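**Q** Here it is: the structure, laid out below.
Derivation of every value follows stated rules applied to the coordinates shown; laboratory data play no part. These numbers were taken from a predicted model, which means no experiment stands behind them. Note that each Cβ is placed from the backbone with ideal geometry, even for glycine, and that neighbours are counted across all protein chains shown.
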Amino acid sequence: MIEGSGIKKVYRLGLVEVAALKGVTIRIDRGEFVGIMGPSGSGKSTLLHQLGLLDTPTGGKIYIDGMDVSGLDDEERTRFRLKHLGYVFQDYALVSELNVLENVAIPAIMQGKPLAGCYASAASVLGKVGLSDRLSHLVYELSGGEQQRVSIARALVNSPSIVFADEPCANLDTENSRIVLELFRSLNRDLGQTIVMVSHEAWHREYFDRIIFIRDGLLDEDRLRQENPACTI
């Protein structure tokens, strides 16, 4: 499903080059719920942004469903993201002027689908995340946990191959974090949804099928062997 080979990312800060990723090679299979973990500044979110086509790697190759996506131009990447990928961010990234139904329908509307169908799809997926009674509510009327469930519904509305979640529980308390993680696990187990999630919380590990550990822009090979003895990278 996802194959990354020698992924590198170098940022230029004036005359200084900072290597955030130094050649990461991974494979994520269809239907896996994979966690990306490591110390702060290790390259976790940078790796997710490369895999999710939110950024362009400096070097290496990324294949999704057998397609080399690392060479797509900006317009092609946008179309691919819209059709095949979904995203959940720690700050929810909802549009405050729109209600819940409208927020979730945005990716479907951007595909040019009929409006009635977009809203029907949005209502259906909101039911899956337990928010059928919040369709007409505005963002400020929701709790943080409800807002994150709205963002999850938005990520799912176009039936993506993969959902990428970047620290989705960072702004939530433990109770709401567990609600979100239980929802991810349910989507993964019941619907076979592939999920790739960045986390820094040790207790989140119980939800993942497998963990990819990153340290200093590289795979933490020792930690990988220790935590995933039966799994390949």
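**Q** Apply 1/(1 + (r/R0)^6) to the Cβ-Cβ distance of GLU17 and ASP74, taking R0 = 25 Å, and write down the FRET efficiency to the nearest 0.05.
**A** Using R0 = 25 Å, I get an efficiency of 0.60.
**Q** Take the alpha-carbon centre of the stretch 144-184, take the same for the stretch 54-103, and report the distance between them in whole Å.
**A** 16 Å
**Q** Rank the residues LYS9, LYS113 as a footprinting-exposure proxy: fewest other Cβ atoms within 10 Å of their Cβ go first.
**A** Arranged by neighbour count, lowest to highest, LYS9, LYS113 become LYS113, LYS9.
**Q** By how many degrees, 0 to 90 and rounded to 10, does the Cα axis of helix 74-84 deviate from the longest principal axis of the chain?
**A** Helix 74-84 sits at roughly 60 degrees to that axis.
**Q** Something else now. What is the dipole size for the stretch 6-74, taken about its Cα centre, with +1 at each Lys and Arg Cβ and -1 at each Asp and Glu Cβ, in debye to the nearest 20?
**A** Once rounded to the nearest 20, the dipole reads 320 debye.
**Q** Sort LEU21, LEU101 so the one with the fewest other Cβ atoms within 10 Å of its own Cβ comes first.
**A** Arranged by neighbour count, lowest to highest, LEU21, LEU101 become LEU101, LEU21.
**Q** Test of understanding: in a Gaussian network model of the chain with alpha carbons linked when under 10 Å, which of ARG215, ARG149, ARG189 would top the mean-square fluctuation ranking?
**A** Top of the fluctuation ranking is ARG189.
**Q** In degrees from 0 to 90, rounded to the nearest 10, what is the angle of the helix 100-110 Cα long axis to the longest principal axis of the chain?
**A** Its long axis makes an angle of about 60 degrees.
**Q** Hey, another quick one. Once you have the Kirkwood Rh of the stretch 1-112 from its Cα pairs, apply Stokes-Einstein at 37 °C and 0.692 mPa s and quote D in µm²/s.
**A** Approximately 208 µm²/s, per Stokes-Einstein.
**Q** Lys pairs in the chain, Cα-Cα under 27 Å, at least 8 apart or on separate chains: how many?
**A** Summing the qualifying lysine pairs gives 16.
**Q** Same structure again: Among residues other than GLY66 whose Cβ falls under 14 Å from its Cβ, what is the net charge (Lys/Arg +1, Asp/Glu -1)?
**A** With Lys, Arg at +1 and Asp, Glu at -1, the net is -1.
**Q** Under 10 Å, Cα contacts only: if you run a Gaussian network model on the chain, which one of GLY41, GLY14, GLY130 comes out with the highest mean-square fluctuation?
**A** The residue with the greatest mean-square fluctuation here is GLY14.
**Q** Same structure, new question: Figure the gain on full extension for ASP29 and SER96 (residue separation times 0.36 nm, minus the Cα-Cα span) and round it to one decimal in nm.
**A** The ASP29-SER96 span can extend by a further 20.6 nm.
**Q** Quick check: from the Cα gyration tensor, does the chain come out rounded (a/c under 1.5), prolate or oblate?
**A** The shape class here is prolate.
**Q** With a/c under 1.5 counting as rounded, go ahead and sort the stretch 146-225 into rounded, prolate or oblate using the C-alpha gyration tensor (a ≥ b ≥ c being the square roots of the eigenvalues; past the cut-off, prolate if a/b is larger than b/c, else oblate).
**A** Here the stretch 146-225 falls in the prolate category.
**Q** Moving to a separate point now. Helix 174-191 sits at what angle to the longest principal axis of the chain, using alpha carbons and giving 0 to 90 degrees rounded to 10?
**A** That helix lies at roughly 90 degrees to the long axis.
**Q** Among ILE62, ILE36, ILE106, what is the fewest-to-most ranking by other Cβ atoms within 10 Å?
**A** The order, fewest Cβ neighbours first, is ILE106, ILE62, ILE36.
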